[in-house]
Amino acid sequence: MLNQAQGDRAILAKQLNISPQQMKYVTHTEAGEGLIFYGNVVLPFIDRFPTDTELYRLLTTKPEEVSKA
């Protein structure tokens with residue numbers, strides 16, 4: 001789960017039993033930061049993927065970062 005809007009965070013926190021400490025990982029965070037859910041385990045993560053690679057260009061969800069061919 002990545003950064004969420006305030007209303008969505010409240011709903012998700014209640015539905016998924018996410019603690020206030022865990023919610024910090026999806027509140028006003030940067031790209032590549034969030035929570036991973038694996039069964040009953042909730043793990044915070046930070047992933048700083050290099051942006052100067054072909055793989056990044058293929059996978060980015062930011063159209064402005066894709067050069068026109």
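Where a number appears in this text, it was derived from the coordinates with a stated rule and is not lab data. Keep in mind that what you see is a predicted model, and the values were worked out from it rather than measured. Neighbour counts are summed over all protein chains in view; Cβ atoms, including those assigned to glycine, are modelled from backbone coordinates with ideal geometry.
Just a yes or no: is a residue in region 14-29 loosely packed, with under 10 Cβ neighbours inside 10 Å, of a type in the set (Gly, Ala, Ser), free of Cβ contacts under 8 Å to residues at least 40 places away in the same chain and on the phi > 0 side of the Ramachandran plot? Within region 14-29, not a single residue is loosely packed, with under 10 Cβ neighbours inside 10 Å, of a type in the set (Gly, Ala, Ser), free of Cβ contacts under 8 Å to residues at least 40 places away in the same chain and on the phi > 0 side of the Ramachandran plot. Considering every residue within region 34-46, establish whether at least one is touching a residue at least 12 places away in the same chain (Cβ under 8 Å), surrounded by 10 or more Cβ atoms within 10 Å (Cβ to Cβ) and assigned to a helix (DSSP H, G or I). The answer is no, given that none of the residues of region 34-46 is touching a residue at least 12 places away in the same chain (Cβ under 8 Å), surrounded by 10 or more Cβ atoms within 10 Å (Cβ to Cβ) and assigned to a helix (DSSP H, G or I).
Within region 10-33, restricting attention to residues that are in contact with a strand residue (DSSP E or B) (Cβ under 8 Å, 6 or more places away or on another chain) and part of a helix (DSSP H, G or I), the residue that is farthest from Thr60 (Cα to Cα) is Leu16.
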